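The values are calculated or read from the model by the stated rules, or taken from the named source; none is laboratory data. Note that the structure is predicted; figures quoted are calculated from it, not measured. As a convention, Cβ positions derive from the backbone with ideal geometry for all residues, glycine included, and neighbour counts pool all protein chains shown. Note: accessible area is taken over every heavy atom of the protein model, side chains too, but ligands, DNA and RNA are not part of it. Shrake-Rupley method; radii C 1.70, N 1.55, O 1.52, S 1.80 Å.
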Amino acid sequence: MRFLYQLLQSAGFCLLLLYADITLWAQTPGLDSLKLLMNKEAGNKKQVLAVLQLIANEQYSLHIDTAMKYALQAQQLAQELGTETDKENAAYFLATAYWRAEYNDTALGMINKNLEKLNPANIAERASYFKWLVLRLRLFTTNAMLHEAGVDVYRLMAEAEKYNDTTNRIIAYNSVGLLKRRSEKSPGESLSWFLKAARLAESNPKFDNYPIVYGNLARAYFKMGKNDSATWYVDKALTNARATGNLSFLQTILSIQTDILSGVGNYEGAEKALRESIALSNSVSADTLFADDIQRLARFYNVTKQYDKTIAICTKYLALDTVPEYQVMYLEPLAEAYKASGQQQLYVQTMEELLVAKELFYKADFAKTSLEMEARYEAQKKENTIIQQKLDLYRKDLVFYGLLAFLLIVFIIAVMSFYNYKKREKLKLQLLIQREKDASLLAVTQAQENERKRIATDLHDNLGAYAASVVSNLEFIKTEQDNEQSKTAMQQLRHNSLSIVAQLSDTIWVLKKDALSLTAISDRVKVFARRIQPSFPDTEIQVAEDIVFDQQFSPAQAYDLFQMVQEAVTNALKHSRARHVDIFLEGNEQYWKVQVADDGVGMPVTPVEKAEGGNGLAHIQARAHEAGWQVKWQAGVDAGTVVLITPGTGFNTTN
């Protein structure tokens, strides 16, 4: 009875597969008509080539072996009779067949070779460029080459958007969603891309021929627990796939429907979808993929506790397929079914058969791998021979060109050495001349310093002594009390004598030093302020300083700066009618300034006022110009005048 039951189960499954095959045959009437037409035109090679190119458009509905046979035939006829376009289409047909048959290296080589020749900017080549790029993207994706797939998908998306290619934008958005699904933490990341592709497809009926977008949307909604949306989109995907006749898409969508129906507890509908998916897989996929589907159906029966169906289907295909790999795929769910149903003896027997099948599979796989490795070794050996021959030629060329390069380098070095020798000799001569100039300049400078110090000594010992004597003797000269003219003359003489002494003192102060600091100048200004203060009792003179870094000045510069301050203070005292005159000296490593400010009547505004003290202003400007400094007259904040002395750009305080 048990054997009869299993026989009936197997018969029922065969009938279902037969029904599915009939249904599929009816779903692709165009492909069927093309096959009949090709048989009818078998004697006309050009007509056969034209039919094969039409078949290539529906190659995903062909079994892999059939597609490969047609692709090879199309390539042969295209090389013999076709145009360049025919050859390119035949190459695409064959590259796709190689990819589907998992000859990925061969397929990738053909794809790259054709992509290198195409430029999307050329409108005549754009469609072919996108076609080959999409094929390479699919190859990378199915072989889990995620980095390469990521590069190509964003390249496809950028160029499709650039040239407003709607079909390839749909493919790009859907592909981004697929890549996101492999790494996303939540289904929402991929869902947004699938929705973007779906909305674009729905925007125009002529682009609504890519049903896998709706299938991926259904899977994303199912993972999010939105079963109603998942069911709606998977039904839409199935309707679209059946209408377009793409059996490969239909098989994938049926597999998605199986998961959704199982998730909502509709096991009967899930089984029906899975059986149809298996029938499609048998018609378009390799034997290994079909065996995967049978194993999946068996595991589905185990999950739904339909162990008798698992036993029936696995027993049937174990009798049909003797390949060790497929035996292992059928024995695993069969053993699980026997164990779950309590049939321990059959479970033990099946496990023993599984161990034997695995041992045979490993041996067969090792033999297959060995043959592949041997073939690769022979191919690599031939390639190495060619490379060695090229290397020998390269070495000969390298020796010749190396010797030529060596001679050229020796010549260049000789020329450069001679040039450098001449340059060094010229530099030595220039250095010698410069040293002589420096020595002469140093001697002149030293002589000037000695002469300057001698003059200072002579001034101090001779003129200074005489001037001081004149001032002292004037104190003893008596004038007539009632002679105002004599009294005025005597006062003027005494004033001039004191000025001569002061000027001599300032000159000697400068000449005796090699360099003077800003602090020394400030101290000299204080002496001047104390000396002149009694002559102007109504005006208060203040000297302040903020010297962080003591700048050094040459004697000439120090004298000019002191004279400019003295002239500015004298002008303020004589002409501004100020109550206060403030002198401020400031210095740091980067900058110095001297400021003379008063609170008097302010800047001159009339020609008469400007003329008064004009010589003083001119003297200040002349000294500033000679020293390379800047001097400015500015109005005070509240009243009066500010004289500001600062160094020029790139100043140098010492000679």
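For the range 237-335, with only Lys/Arg (+1) and Asp/Glu (-1) charged at the beta-carbon, what is the dipole magnitude about the Cα centre, in debye rounded to 20? The calculation lands at about 260 debye.
Expected output is a single nm value to one decimal: the length gained when fully extending between residue 425 and residue 441, i.e. 0.36 nm times separation in residues minus the C-alpha distance. What is it? Can you show the working numbers first?
Numbers: separation 16, 0.36 × 16 = 5.76 nm, distance 2.42 nm.
Taking residue 425 through residue 441 to full extension adds about 3.3 nm, to one decimal.
Residues 242, 181, 577, ordered by accessible area of protein heavy atoms at a 1.4 angstrom probe radius and largest first, appear as 577, 242, 181. Once all protein chains are placed together, residue 210 keeps about 30 Å² accessible to a 1.4 angstrom probe. Among the protein heavy atoms, those of residue 631 account for about 30 Å² of accessible surface (1.4 Å probe, every chain in place).
Heavy-atom accessible area, probed at 1.4 angstrom with all protein chains present, ranks 175, 535, 192 as 535, 192, 175, highest first. The apolar share of the surface of the range 225-362, taken as the fraction of accessible area on carbon and sulfur atoms (1.4 Å probe, ligands and nucleic acids excluded), comes to 53 percent.
In this structure, residue 199 and residue 103 have a Cβ-Cβ separation that, at R0 = 30 Å, corresponds to a calculated FRET efficiency of about 0.25. Charged neighbours of residue 212, selected by a Cβ distance under 14 Å, balance to +4 (K, R count +1; D, E count -1). Beyond 28 Å in Cα-Cα separation lie the following of the pairs 223/305; 113/382; 69/113; 69/180: 69/180. Farthest toward the positive end of the dipole of the range 209-363, out of 295, 328, 256, is the Cα of 256, where the dipole comes from beta carbon charges about the Cα centre.
What does the net charge come to around residue 298 if you take all other residues with beta carbon closer than 9 Å to its beta carbon, with K and R at +1 and D and E at -1?
On the way: positive: 296, 299, 309; negative: 332, 336.
Residues close to residue 298 contribute a combined charge of +1.
Based on protein heavy atoms only, the range 177-259 ends up with 46 Å² per residue of surface accessible to a 1.4 Å probe. Each Lys or Arg adds one and each Asp or Glu subtracts one; over the other residues with Cβ under 13 Å from the Cβ of residue 93, this totals +1.
Checking the a/c ratio against 1.5 first, then a/b against b/c, what shape does the Cα gyration tensor give for the range 228-352? Walk me through the intermediate numbers first.
Values: a/c = 3.60, a/b = 1.63, b/c = 2.21.
Cα axes put the range 228-352 in the oblate bin.
Once R0 is set to 45 Å, what does the formula 1/(1 + (r/R0)^6) return for the Cβ-Cβ distance between residue 36 and residue 161, expressed as a FRET efficiency to the nearest 0.05? Provide the component values of the computation, followed by the final result.
Details: r = 42 Å, r/R0 = 0.93.
Working from the Cβ atoms, E equals 0.60.
Model label points for residue 415 and residue 189, set 7 angstrom from Cα along the Cα-to-Cβ axis, are 6.1 nm apart.
With every protein chain kept in the model, how would you rank 72, 585, 403 by accessible area, 1.4 Å probe, largest at the top?
Largest accessible area first, the list is 403, 72, 585.
Residue-wise HN-Hα couplings along the range 103-112, as the Karplus relation 6.51 cos²θ - 1.76 cosθ + 1.60 with θ = phi - 60° gives them from phi, are 8, 5, 5, 5, 4, 5, x, 5, 4, 4 Hz; Gly and Pro carry x.
Rounded to a whole number, what % of the accessible area of the range 49-205 do carbon and sulfur atoms account for, probe 1.4 Å?
On the way: 3720 of 7440 Å².
On the range 49-205, the fraction of accessible area on carbon and sulfur atoms equals 50 percent.
Note on residue 440: accessible area approximately 70 square angstrom, rounded to 10, probe 1.4 Å, nucleic acids and ligands left out.
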